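The values are calculated or read from the model by the stated rules, or taken from the named source; none is laboratory data. Model, not experiment: these values are computed from the prediction. Cβ placement follows ideal geometry from the backbone for every residue including glycine, while neighbour counts extend to all protein chains displayed.
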Amino acid sequence: MSGFLRLIRAYNLLFVAIIQVVIYQVVLVPVLQKYGFQIPDDTLLLVLLVVATVCVAAGGYVLNDYFDVKIDAINRPDKQIVGRSFTRQAAMLMHQIFTAVGILLGLLLAWKLKSFSVAMIYIVVPGMLWFYSATYKRQFMIGNLMVAFMSALVILLVVIVKLAVLELEYGTLIFETPIPKEFYAWGGGFALFSFLTTWIREIVKDMEDEAGDREMECRTMPIVWGVKRSKIFVYSLIALTISLLVIIERFYISFEGNLTLKYILLMLVAPLVVAVWLVYKAQKPAAYHQVSVLLKVIMLSGVIYSFVFYFLMAKTYGFSLFDLFVIK
């Protein structure tokens, strides 16, 4: 059982599920409360969204290990699952089952929402995961960007689904309100943060896996550019992320007080600065793995900001927090 849970990256899947539920309930719902909209009971649709996404992601993780048997035998032989705990044939079967269930549930969700966009996402993304695992992850830059894009799409999909729910409830009039713009502003902000931090983490993981990737003639950034130039690129991405966080807080987040600024500086900017230092010092795979873990914690901190956002929205606009109490 432990091997199966590691194969499907159970912790990562739990993280994906939490992100989608949190964005749905703690970011988008407060925007509706701000404008006095009645919140439709869409629990079933949320469950379909989360389970479909988790199944597609699980299929992608299994497929990734299926194609990486030789690389994993070099980079992390003690953690290799496919080829040891499971045969490649069993792994492929699990990939097909998870992916098929994810696509079917995604299409069911799209049918209930009458949304062509949702249907296309659940058809196209599994194909992207296949090409990523089979080819693109071994190519320069494109594999990193694909993973970062799909990480952002996990969040943007929540916005697309919620707007489709509202369109079913209120018709096209919903698009004449400020709600879609605010949905995409806040959802897009979280998605952009996810995109950048995932991109950074993927490059760091390529540094960690350089030995096996070089043996298999991959063309990842550390192999094509060298580790030194790849580190400089990582510093640049971290600097860009920090700059955007400060700019967004300064010019686009207008809550009273400085709680958001304190959170960003303490929980996001400071750890990112630490990440720069750790990348600078890193020489061995274990050191790069330490940076990768820190970046995952930073991504979690970015998600946790949604609760700060909910608190500030409830305080500013006077609605109850989780239907329990009003903040004054």
Residues to consider are Leu321, Leu300, Leu261; find the one that is within 26 Å of Tyr24 (Cα to Cα) and under 21 Å from the mean Cα position of the chain (by Cα). Leu300
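Touching a residue at least 24 places away in the same chain (Cβ under 8 Å), surrounded by fewer than 19 Cβ atoms within 10 Å (Cβ to Cβ) and under 22 Å from Leu14 (Cα atoms): which single residue out of Gln96, Gln139 fits that description? Outline the logic, then answer.
Values: Gln139 fails: under 22 Å from Leu14 (Cα atoms).
Exactly one residue qualifies, and that residue is Gln96.
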List every residue pair whose Cβ atoms sit under 8 Å apart, with the two residues 6 or more apart in sequence or on different chains, where the first one lies in region 202-221 and is under 19 Å from Ala148 (Cβ atoms) and among the basic types (Lys, Arg) and the second, anywhere, is modelled with pLDDT of 80 or more and not in a helix (DSSP H, G or I). Arg219/Gln139; Arg219/Phe140
Answer from Ala134, Ala58, Ala148 - the residue that is loosely packed, with under 15 Cβ neighbours inside 10 Å, touching a residue at least 24 places away in the same chain (Cβ under 8 Å) and touching a Phe, Trp or Tyr at 6+ places or on another chain (Cβ under 8 Å): Ala134
Examine region 99-113 for a residue that is among the polar types (S, T, N, Q), at pLDDT below 95, in a helix (DSSP H, G or I) and over 26 Å from Val308 (Cβ atoms), and state whether such a residue exists. no
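Given the criteria among the small types (Gly, Ala, Ser) and in contact (Cβ under 8 Å) with a residue 60 or more places away in the chain, does Gly171 qualify?
On the way: among the small types (Gly, Ala, Ser): yes; in contact (Cβ under 8 Å) with a residue 60 or more places away in the chain: no.
Criteria not met by Gly171.
Inside region 132-149, can you point out the residues that are of a type outside the set (Val, Ile, Thr) and at pLDDT 90 or above?
Step one: filter region 132-149 for residues of a type outside the set (Val, Ile, Thr), giving 132-134, 136-141, 143-146, 148-149.
Met141, Gly143, Asn144, Leu145, Met146, Ala148, Phe149, listed by residue number.
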Within region 28-37, how many residues are without any contact (Cβ under 8 Å) to a residue 60 or more places away in the chain and either within 17 Å of Glu176 (Cβ to Cβ) or small (Gly, Ala, Ser) (or both)? 1
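Check Ile174, Ile155 and return the single one that is assigned to a helix (DSSP H, G or I) and at pLDDT 95 or above.
Working: Ile174 fails: at pLDDT 95 or above.
Only one candidate passes the filter, namely Ile155.
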Among the residues that make up region 285-300, is at least one of them in contact (Cβ under 8 Å) with a residue 12 or more places away in the chain, in contact with a Leu (Cβ under 9 Å, 6 or more places away or on another chain) and within 30 Å of Gln33 (Cα to Cα)? yes
Within region 278-320, residues hydroxyl-bearing (Ser, Thr, Tyr) and either under 23 Å from Phe195 (Cα atoms) or touching a Ser or Thr at 6+ places or on another chain (Cβ under 8 Å) (or both) come out as Tyr280, Tyr288, Ser292, Ser301, Tyr305, Ser306, Tyr310
